[in-house]
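Encoded as structure tokens, the structure appears first; notes follow it.
The values are calculated or read from the model by the stated rules, or taken from the named source; none is laboratory data. Please read these numbers as outputs of a predicted model, since none were measured by experiment. Here the Cβ is made from the backbone with ideal geometry for all residues, glycine too, and neighbour counts use every protein chain on show. For accessibility, only protein heavy atoms count, side chains too; no ligands or nucleic acids. Shrake-Rupley method; radii C 1.70, N 1.55, O 1.52, S 1.80 Å.
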Amino acid sequence: MTRQLRNLAYNGSKQLDLFLVDAPGRPLVTCLHGGGFHSGGRDDERCRQSIAMLLDAGFNCASISYTLATRDDRFAIWPRNLFDVADALVYLDAQADRHNFDFSRFAMLGFSAGCCLSNLYIQGGTSLFEHFGYQTTVFRPAALVGFYGPYDFAIRQPERRSGDPEINRYHSPAYWLRVAETPADTPVLHIQGDHDNVVYPDQHEAFKKDYQQRGSEFEALMIKGFGHSFTPVDKNESGQAIDLRAKITGFLTRHLG
């Protein structure tokens, strides 16, 4: 038995959906959709699968919309999309007692652009928001599950990065991780397809290297034969099937309880 609270306005303009299990005090996992920062939505197939997976495993879930740019310039509204993520988390913290979920133990799950925004939030922390002069409470997630997330825009293919070096720098989780005096040690499970031609596997490898060099937990899952945008349960063009639900929920259970 679950409850669904749809179209909750968290900062006056953006909305999220909240899915609650019938077990007071269980942790929350946020879900951020992908779409290249200019498309996608919180009810797409990747989010729907994730919500069902999380509820089945006994976790509450919030699926979050954020401001989208235009297809012509995926960076046009940066960093408004990241501010939306921060606003959503402040809202969820304020709703925890009302809806009986535990926000002191929360995790983030994101696909592609949503993984990048989740990772930026974690790696940048307070320093990132101070840099942009945005006043917000910053929380520390207990875990991150990311699918094929951009990590370092400075080394991405030209059509996928900005022409502005500063945007590439500050939009990259890599930058904030590398300059942090005390890097975030949030445990990470990062899932990547080895045939991905949108977010190349070298992004995954750079993230892994940086994290492990700092002694932080990074569980890398390279999915052979898969490209970009796959879901936790999926098939590739050759008919090869994957089911990552047990891997994901096992990781979250270890870190959230």
- Task: Take every DSSP beta bridge whose two residues both sit in the chain, then give the antiparallel share in percent to the nearest 5.
- Result: 35
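Give the shape of the chain as rounded, prolate or oblate, defined through the alpha-carbon gyration tensor: a ≥ b ≥ c are the square roots of its eigenvalues, a/c under 1.5 means rounded, and otherwise the shape is prolate if a/b is larger than b/c and oblate if not.
Details: a/c = 1.38, a/b = 1.13, b/c = 1.22.
Cα axes put the chain in the rounded bin.
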- Item | Chain lengthening between residue 137 and residue 70 when straightened (0.36 nm per residue, less Cα-Cα) | 21.3 nm
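Can you give the helix-only mean residue ellipticity at 222 nm for the chain, where every DSSP H stretch with n ≥ 4 adds -39500 (n - 2.57) and the sum goes over all residues, rounded to the nearest 500 deg cm²/dmol?
-11000 deg cm²/dmol
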- In debye, nearest 20: dipole of the range 1-118 around its Cα centre with unit charges on the Cβ of K, R (+) and D, E (-)? 40
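In the range 144-229, what GluC sites (Glu not before Pro) fall in a loop by DSSP, with at most 12 other Cβ atoms inside 10 Å? The partial results should precede the final answer.
Working: sites: 159, 166, 181, 205, 217, 219; in loops: 181, 217.
Those that pass, being in a loop and sparsely packed, are 181.
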- Task: Could you work out how far apart the two model spin labels at residue 185 and residue 130 are, taking each label as a point 7 Å from the Cα in the direction of the beta carbon, and quote it in nm?
- Result: 2.1
- Item | Rounded to the nearest 10 Å², the accessible area of residue 226 at probe 1.4 Å | 10
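Given R₀ = 25 Å, FRET efficiency for residue 236-residue 39 by Cβ-Cβ distance, to 0.05?
On the way: r = 22 Å, r/R0 = 0.88.
E between residue 236 and residue 39, to the nearest 0.05, is 0.70.
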- Task: Leaving ligands, DNA and RNA out of it, work out the accessible area of residue 64 with a 1.4 Å probe and give it in Å² to the nearest 10.
- Result: 0
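Hey, could you grab the Kirkwood Rh for the range 132-257? Inverse mean 1/r over distinct alpha carbon pairs, Å, one decimal.
15.9
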- Note on the structure: Share of accessible surface on carbon and sulfur in the range 68-201, whole %, 1.4 Å probe and ligands ignored, is 44
- Check: in the chain the Lys pairs 8 or more apart or on separate chains whose Cα atoms fall under 20 Å apart number 6
- Task: Choose one answer from 190, 99, 38: the residue with the largest mean-square fluctuation in a GNM of the chain with alpha-carbon springs under 10 Å.
- Result: 99
- Message: To check you understand DSSP bridge types, tell me what percent of the beta bridges within the range 134-257 (both residues inside) are antiparallel, rounded to 5.
- Response: 25
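Could you give the dipole magnitude of the range 49-108 about its Cα centre, charging the beta-carbon of Lys and Arg +1 and that of Asp and Glu -1, in debye to the nearest 20? Walk me through the numbers on the way to the answer.
Working: 5 positive and 8 negative charges, 20 e Å.
Dipole about the Cα centre, nearest 20: 100 debye.
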- If contacts are Cα pairs under 8 angstrom and at least 6 residues apart, what is the relative contact order of the range 117-257 in percent? 24
- In the chain, with Lys and Arg counted as +1 and Asp and Glu as -1 at Cβ, which of these residues, 242, 230, 116, has the Cα nearest the positive end of the dipole, that is, farthest along it? 242
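What percent antiparallel are the DSSP beta bridges of the range 87-202, to the nearest 5?
Working: 0 of 9 bridges.
Bridges in the range 87-202 are about 0 percent antiparallel.
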